[in-house]
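Colleague: Shown below is the structure under consideration.
The values are calculated or read from the model by the stated rules, or taken from the named source; none is laboratory data. Just so it is clear, the structure is predicted and the values come from calculations on it, not from any experiment. Backbone-built Cβ (ideal geometry, glycine too); neighbour counts: all protein chains shown.
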Amino acid sequence: MDVVVIGAGQAGLSAAYALRRRGLPFVVLDAETAPGGAWQHRSPSLGVGELHGIFDLPGMHFEPPATGPASSAVADYFARYERESGLPVVRPVRVRAVRRAAGGLLVEADEGRWAARAVVNATGTWRRPYWPSYPGAAGFRGRQLHYADYRGPAEFAGQRVLVVGGGHSAVHVLSELPGTAAAVRWVTRREPVFHEGEFTEDHGRAVVAKVAERVAAGLPPRSVVSVTGLGYTAVVRAAVDKGVLHRLPMFDRIVAGGVLWGDRFEPFDAIVWATGFRAALGHLAPLHLREPGGGIRMAGTRAVREPRLHLVGYGPSASTVGANRAGRAAAREIAQLLETEGLRSSA
């Protein structure tokens, strides 16, 4: 195979579309059992009216229904896109390792092996939720869960809930708990910054440039919110209207029945860790791509330590708009690589 694409979320499907436009033989390997990428696992309480940051896949407009869960609406859109575009998606295939091989890369999975001249990695972050370590967490008697496992406010009826995190995931939980939970508190490491006005094209370019600087230096990419701030989306406005966006500083310690700020104790029944995700790149470990700073140094979408590997949906392309652009860029570079090696004609 000329190219193997790993992952069939927004980034993977965008890259597949661009590869097809360039006439490159490829296959898409997806670990999920159905189309939809990470979106199919989002909480059913997140409605289509609260969607933000969903950008059209190339060549097909996304027109969400008037009501219903965002998870099913986006998954249906992805499924229709795969079907109508005729993209060669094979699932479920869980890639375990990518290794160097003669003339290319070898993609290994329980379901088989694929030899490729180039690989586009688009595995996203959903399978790697980040849980920070805090003193006393193991002794907490209540429930702890990551946002990846949050399924709506009903399971917290009558409970005192602590929400940890400064991004849109945390605000989504905060916007839904009032009226169901007995009490809701919000803690973050840093003071949240709210972005007034529209996210213009110029602002978007500035954000991408800041993230690109980090990955070009081999540093782990920062979260989008750490660069953009919180925009006034429908979810943020709902949380503001319900009066729950009163941020407290991080606690010092977790104890059996709650948390401590110094000597001040507050009881909680549940802690929701809305603390983000990290790039799911464990299968790339055999390529030894990490820099001393902990990240993967990038030149555009290409990994500097392995020019046959492109990361789409990582770093500056970890957004729906950025993923589409990165898919085109990766396909263009791969076509140039194969031309240089004399493996395909310039036509």
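Colleague: Please pick out the residue among G315, G294 that is modelled with pLDDT under 95 and more than 16 Å from T123 (Cα to Cα).
Modeller: Matching residue, one of G315, G294: G294.
Colleague: Separate question: Condition check: in a helix (DSSP H, G or I) and farther than 20 Å from L309 by Cα. Does S72 satisfy that?
Modeller: Here the answer is yes, as S72 does meet what is asked.
Colleague: Among the residues of region 7-25, count how many are surrounded by fewer than 22 Cβ atoms within 10 Å (Cβ to Cβ) and under 21 Å from G112 (Cα atoms).
Modeller: 1
Colleague: Which pairs have Cβ atoms under 6 Å, sit 6 or more apart or on different chains, and link a residue in region 167-188 that is farther than 19 Å from R237 by Cβ and outside the structural domain of G243 (by TED's automatic domain parsing) to one that is assigned to a helix (DSSP H, G or I) and among the aromatic types (F, W, Y)?
Modeller: Correct list of pairs: empty, since none qualify.
Colleague: Across region 261-294, what is the number of residues that are touching a residue at least 40 places away in the same chain (Cβ under 8 Å), of a type in the set (A, V, I, L, M, F, W, C) and closer than 24 Å to A182 by Cα?
Modeller: Looking only at that region, the number is 6.
Colleague: Pull up region 11-26, narrow it to residues that are assigned to a helix (DSSP H, G or I) and not aliphatic (A, V, I, L, M), then point me to the one that is farthest from W39 (Cα to Cα).
Modeller: This residue is R21.
Colleague: Please indicate, with yes or no, whether at least one residue in region 120-132 is among the aliphatic types (A, V, I, L, M), in the same structural domain as T301 (by TED's automatic domain parsing) and more than 18 Å from F251 (Cα to Cα).
Modeller: yes
Colleague: May I pose another question? Looking only at region 62-93, filter to residues that are within 20 Å of L46 (Cβ to Cβ) and aliphatic (A, V, I, L, M); which one of those is surrounded by the fewest Cβ atoms within 10 Å (Cβ to Cβ)?
Modeller: A66
Colleague: For the structure I just gave you, tell me whether L311 is more than 23 Å from G166 (Cβ to Cβ), crowded, with 16+ Cβ neighbours inside 10 Å and among the aliphatic types (A, V, I, L, M).
Modeller: Against the criterion (more than 23 Å from G166 (Cβ to Cβ), crowded, with 16+ Cβ neighbours inside 10 Å and among the aliphatic types (A, V, I, L, M)), L311 qualifies.
Colleague: Let me ask something else about it. Return a yes/no flag: does region 50-69 have any residue that is within 26 Å of L281 (Cβ to Cβ) and part of a helix (DSSP H, G or I).
Modeller: no
Colleague: Might you let me know whether region 260-273 holds any residue that is at pLDDT 95 or above and within 17 Å of the chain's Cα centre (by Cα)?
Modeller: Looking for residues that are at pLDDT 95 or above and within 17 Å of the chain's Cα centre (by Cα), one finds at least one in region 260-273, hence yes.
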